[in-house]
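See structure below.
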There are 2 protein chains.
Amino acid sequence: MTTITGFEVHDVRFPTAAAGDGSDSINRGDYSATYVTLSTDAGVTGTGFTFTNGQGNEITCDCVRALAPLVVGRSIEELTAEPPRALTAHPQLRWIGPEKGALHMATGAVVNAIWDARAKVAGKPMWQLLAELPTDELVSCVDFRHIDDALTPAEAAAILDKGRDGLDDRLAQLRADGFPSYTTSVGWLGYPDDKVRALSRQAYAEGWRAMKMKVGGPIEDDLRRAAIIRAEIGPDSLLMMDANQIWGVDEAIANMTRLAEFDPYWIEEPTHPDDVLGHARIQRAVAPIRVATGEVAANRVIFKQLLQAEAIGVMQVDACRVAGIPEVLAELLLAAKFGVPVCPHAGGVGLCELVQHLAIFDYLRVGTSLDGRMVEYVDHLHEHFTDPVRTRDGRYLVPELPGYSSDLRPESIAEFSFPGGPAWN
Amino acid sequence: MTTITGFEVHDVRFPTAAAGDGSDSINRGDYSATYVTLSTDAGVTGTGFTFTNGQGNEITCDCVRALAPLVVGRSIEELTAEPPRALTAHPQLRWIGPEKGALHMATGAVVNAIWDARAKVAGKPMWQLLAELPTDELVSCVDFRHIDDALTPAEAAAILDKGRDGLDDRLAQLRADGFPSYTTSVGWLGYPDDKVRALSRQAYAEGWRAMKMKVGGPIEDDLRRAAIIRAEIGPDSLLMMDANQIWGVDEAIANMTRLAEFDPYWIEEPTHPDDVLGHARIQRAVAPIRVATGEVAANRVIFKQLLQAEAIGVMQVDACRVAGIPEVLAELLLAAKFGVPVCPHAGGVGLCELVQHLAIFDYLRVGTSLDGRMVEYVDHLHEHFTDPVRTRDGRYLVPELPGYSSDLRPESIAEFSFPGGPAWN
């Protein structure tokens with residue numbers, strides 16, 4: 001047994017807003033992490049974080065201070081053997097969610113730190129820990145409350161059991177070829193046309209054949225930028241579009257009707273993330289263009305409905321907006337049940353580092369297919385992690401170090417701590 | 001013009017958990033308020049709060065500290081003339097919502113304090129300020145983004161224009177008779193059977209003909225308690241049931257099939273508050289029992305969908321979980337458009353004080369009917385307010401003092417401030 005003996009939380013912020021990196025129709029952020037460390041009596045330190053956009057990171061840090069004491073003194077074996085209801089269903093804290101917003105994001109940071117500690121104790125990267133776990137252990141950590149009308153524990157077990165077939169072959173293939181990905185670095189809304197053109201050309205030259213642009217500005221600007229990118233990447237590359245929730249339902253349908261000229265592969269976050277019925281209407285109207293969403297989907301109940309309503313053609317799980325590994329597992333299982341491919345949300349701070357593990361595990365044991373699967377890639381801030389992602393020819397290489405690749409370098413924490421770090425003076 | 005010159009926030013908590021007051025299948029709370037005061041150059045102080053369940057109130061207080069500086073230095077006239085996107089769509093803070101959870105609840109506190117200041121400057125109770133506003137001013141403050149597929153500004157204006165017809169007659173009637181209400185004080189889950197029986201008998205003797213009990217414990221307990229209450233209140237009183245989200249969708253249907261024997265008027269929060277499709281399935285299965293929800297519905301987008309999906313027969317708006325007066329106005333207008341009665345959520349700390357204004361305004365200018373309308377009443381903590389609700393024979397009397405009835409007594413703030421107040425020593 002490994003017992004959690006204490007915690008620390010760090011408010012770490014990178015000053016990205018000034019350059020327009022990450023800018024879109026809704027957000028202009030200083031990419032930030034609410035970074036949690038859990039010390040243990042086994043000597044390993046579990047780390048976890050949730051990604052935020054700058055201001056507000058102090059609030060998710062405060063949420064961690066409310067939640068982390070609930071796990072100190074408990075063992076990681078016990079905590080990972082069941083759904084984290086001590087955190088998600090606390091009889092007082094739950095009220096300021098429930099299971100959504102700042103508190104739920106902080107829950108994700110804490111739960112992921114527990115699981116990171118478990119993977120480090122086991123000496124395995126997270127994808128491997130999960131892929132090798134017995135089916136009943138995986139099923140036991142999932143909270144089926146409020147999703148069992150769509151996925152029962154028995155159905156989940158059947159998916160995970162079936163996922164054992166051919167697992168070794170899939171792993172060998174991944175180690176040889178890497179995991180498919182796409183890049184979002186070409187078309188941030190804050191970039192001028194010349195920069196978009198140059199970045200698109202460069203990405204194509206580097207081997208990328210799937211790229212994402214931001215839309216949701218004036219429609220004439222979106223059309224012009226789409227034309228620039230499509231001209232650079234040719235007719236056979238995939239072009240994804242991302243509206244970051246700015247549109248109303250009718251507006252999304254009208255705008256995508258015009259942007260269809262540039263053959264978008266998907267439209268991401270066409271409207272408000274809570275609007276299941278709206279996404280369903282948009283999906284029916286814009287098909288065969290796929291609707292994609294999930295980076296700010298609050299929890300497994302929202303994902304359940306998006307699938308039940310046939311509202312999405314691509315499911316974009318986020319590693320740390322929901323309550324960590326167990327809730328992401330619920331979402332991967334739901335996607336497998338409904339036959340929708342998962343393309344995790346990444347970028348931000350460290351999201352690429354996390355979701356590579358999820359995508360690999362999904363391929364090995366849950367979804368078991370690469371058809372339509374791609375992990376987002378954004379070329380920012382990887383240098384601050386001790387086990388950064390590695391890519392080759394537009395594909396992620398399999399991470400091999402123990403844990404969830406979530407450790408920030410100590411010198412980066414010191415430099416970018418807010419507001420006291422040198423970067424903020 | 002009245003300019004906001006500063007703000008204060010107080011973490012106020014009442015030790016209610018020990019007595020089992022407010023206990024249900026999910027919550028056992030110390031009823032608390034994140035209490036905001038906005039000073040102005042007109043001399044009036046606007047007050048607003050969001051209700052929380054104890055732990056976590058420090059987090060919503062921190063959210064206020066992030067949000068309130070965004071309105072200091074601005075005028076209440078300017079701030080109430082448009083949707084509060086400075087708070088709800090901040091390019092960095094929005095990420096930790098969006099429009100949900102702790103940040104959105106704090107937004108409600110700040111926005112309501114602005115509107116309270118406006119009502120005080122006008123020298124009118126909130127219901128009157130709103131009922132007398134020109135239609136275009138009411139429409140201008142509503143954020144139609146993400147709901148305009150269900151309600152356009154023109155449709156909203158038509159509802160509000162029509163609401164002028166007969167307004168004076170309805171007001172005279174309310175002043176004579178009061179507003180219908182129901183009591184939730186009889187059946188908290190933490191109360192033993194004898195206490196439930198005694199409180200039901202007492203409430204009936206006091207004139208209450210509509211009462212709510214908590215369900216969601218072991219079903220045999222729920223059945224036994226329902227039998228006790230129904231025996232005390234007779235076949236003609238309304239008995240509402242409230243599961244506080246504990247059930248799954250199939251479980252809710254199965255349990256309500258058994259509880260139907262006691263002729264429930266509605267089942268409130270049968271499942272997870274984000275589960276629009278689940279509520280719709282339950283509503284179809286349990287009709288003619290009405291499904292009611294809303295006290296933790298995150299925002300107008302959730303309410304829009306509940307109405308679009310015909311998932312509810314009763315809409316329970318909350319005054320301060322959403323972004324204050326303008327978002328509640330959006331929800332009242334949506335309910336009117338879809339023909340669903342609004343029965344606001346109350347109880348907690350000061351919620352009765354707030355929602356009486358909303359129900360009266362809804363009757364005067366929006367829904368214009370009392371059919372199926374009742375305001376929740378809980379007999380707790382009113383003594384801490386300077387303008388507490390007044391009831392007679394199970395009906396709310398019309399409040400007549402300027403503002404939103406949201407001022408806490410200074411001595412109550414001092415006594416119950418957390419953690420330093422004498423009540424917590």
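The values are calculated or read from the model by the stated rules, or taken from the named source; none is laboratory data. Computed from a predicted model, the values in this text were never measured in an experiment. All Cβ positions, even for glycine, are placed from backbone atoms using ideal geometry, and neighbour counts span all protein chains on display.
I'm trying to understand the selection: among the residues of the range B:1-39, which are within 13 Å of residue A:91 (Cα to Cα), in contact with a helix residue (DSSP H, G or I) (Cβ under 9 Å, 6 or more places away or on another chain) and either of a type outside the set (Gly, Ala, Ser) or buried (at least 23 other Cβ atoms within 10 Å of the Cβ) (or both)?
The answer is B:26, B:27, B:28, B:29, B:30, B:31.
Does residue A:305 satisfy the criteria of being more than 26 Å from residue A:106 (Cβ to Cβ), assigned to a helix (DSSP H, G or I) and out of contact with any His (no Cβ under 6 Å at 6 or more places or on another chain)? Walk me through it before giving the result.
On the way: more than 26 Å from residue A:106 (Cβ to Cβ): no; assigned to a helix (DSSP H, G or I): yes; out of contact with any His (no Cβ under 6 Å at 6 or more places or on another chain): yes.
No, not satisfied.
So which of B:189, B:167, B:223 ends up being under 22 Å from residue B:237 (Cα atoms) and surrounded by fewer than 22 Cβ atoms within 10 Å (Cβ to Cβ)? Please lay out each step first, then the result.
Values: B:189 fails: surrounded by fewer than 22 Cβ atoms within 10 Å (Cβ to Cβ); B:167 fails: under 22 Å from residue B:237 (Cα atoms).
Sole residue among the options that is under 22 Å from residue B:237 (Cα atoms) and surrounded by fewer than 22 Cβ atoms within 10 Å (Cβ to Cβ): B:223.
Tell me yes or no: at least one residue of the range A:231-248 is at pLDDT 95 or above, in contact with a Leu (Cβ under 6 Å, 6 or more places away or on another chain) and outside any strand (DSSP E or B).
Looking for residues that are at pLDDT 95 or above, in contact with a Leu (Cβ under 6 Å, 6 or more places away or on another chain) and outside any strand (DSSP E or B), one finds none in the range A:231-248, hence no.
For the range A:331-352, does any single residue satisfy the condition of being modelled with pLDDT of 95 or more, part of a loop (DSSP other than H, G, I, E, B) and over 15 Å from the mean Cα position of the chain (by Cα)? Talk me through it step by step, then tell me what you get.
Narrowing the range A:331-352 to residues modelled with pLDDT of 95 or more: A:331-346, A:349-352.
With the extra rule that they be part of a loop (DSSP other than H, G, I, E, B), the set shrinks to A:339-341, A:343-346, A:349-350.
This time we only want the ones that are over 15 Å from the mean Cα position of the chain (by Cα), so: A:339-340.
Yes; the residues of the range A:331-352 include at least one that is modelled with pLDDT of 95 or more, part of a loop (DSSP other than H, G, I, E, B) and over 15 Å from the mean Cα position of the chain (by Cα).
Hey, among the residues in the range A:30-39 that are more than 21 Å from residue A:96 (Cβ to Cβ) and more than 8 Å from every other protein chain (Cβ to nearest Cβ), which one's farthest from the chain's Cα centre (by Cα)? Steps first, answer last, please.
Looking only at the range A:30-39, we keep the residues that are more than 21 Å from residue A:96 (Cβ to Cβ), and these are A:30-31, A:33, A:35, A:37-39.
If we keep only those that are more than 8 Å from every other protein chain (Cβ to nearest Cβ) too, we end up with A:31, A:33, A:35, A:37-39.
Details: A:31: 14, A:33: 14, A:35: 16, A:37: 20, A:38: 22, A:39: 25 Å.
Here the residue is A:39.
So, residue A:282, is that one within 14 Å of chain B (Cβ to nearest Cβ) and under 16 Å from residue A:240 (Cβ atoms) or not?
So residue A:282 fits the description; yes.
For the range B:243-255, what are the residues that are surrounded by 22 or more Cβ atoms within 10 Å (Cβ to Cβ) and of a type in the set (A, V, I, L, M, F, W, C)?
If the condition is that a residue be surrounded by 22 or more Cβ atoms within 10 Å (Cβ to Cβ) and of a type in the set (A, V, I, L, M, F, W, C), then B:243, B:246, B:247, B:249, B:252 are the ones that fit.
Looking for something over 23 Å from residue A:162 (Cα atoms) and touching a helix residue (DSSP H, G or I) at 6+ places or on another chain (Cβ under 8 Å) - is there at least one such residue anywhere in the range A:359-372? Walk me through how you get there before you give the answer.
Initially, the range A:359-372 is screened for residues over 23 Å from residue A:162 (Cα atoms), giving none.
No, the range A:359-372 contains no residue that is over 23 Å from residue A:162 (Cα atoms) and touching a helix residue (DSSP H, G or I) at 6+ places or on another chain (Cβ under 8 Å).
Out of the residues in the range A:139-154 that are out of contact with any helix residue (DSSP H, G or I) (no Cβ under 6 Å at 6 or more places or on another chain) and of a type outside the set (S, T, N, Q), state the one that is farthest from the other protein chains (Cβ to nearest Cβ). Give the steps one after another, and end with the answer.
Taking the range A:139-154 and keeping what is out of contact with any helix residue (DSSP H, G or I) (no Cβ under 6 Å at 6 or more places or on another chain), we get A:140, A:143, A:145, A:148, A:152, A:154.
With the extra rule that they be of a type outside the set (S, T, N, Q), the set shrinks to A:143, A:145, A:148, A:154.
Values: A:143: 11, A:145: 6, A:148: 5, A:154: 14 Å.
For the range A:139-154, the residue satisfying everything is A:154.
Quick one: in the range A:288-322, of everything that is without any contact (Cβ under 8 Å) to a residue 40 or more places away in the chain and at the interface with chain B (Cβ under 9 Å from one of its Cβ atoms), which residue is surrounded by the fewest Cβ atoms within 10 Å (Cβ to Cβ)?
Going through the qualifying residues, I end up with A:309.
Tally up the residues in the range B:40-97 that are within 14 Å of chain A (Cβ to nearest Cβ), among the charged types (D, E, K, R) and in contact with a helix residue (DSSP H, G or I) (Cβ under 8 Å, 6 or more places away or on another chain), please.
Count: 3.
Based on this model, can you work out whether residue B:232 counts as free of Cβ contacts under 8 Å to residues at least 12 places away in the same chain and assigned by TED's automatic domain parsing to the domain that holds residue B:288?
Numbers: free of Cβ contacts under 8 Å to residues at least 12 places away in the same chain: no; assigned by TED's automatic domain parsing to the domain that holds residue B:288: yes.
Here the answer is no, as residue B:232 does not meet what is asked.
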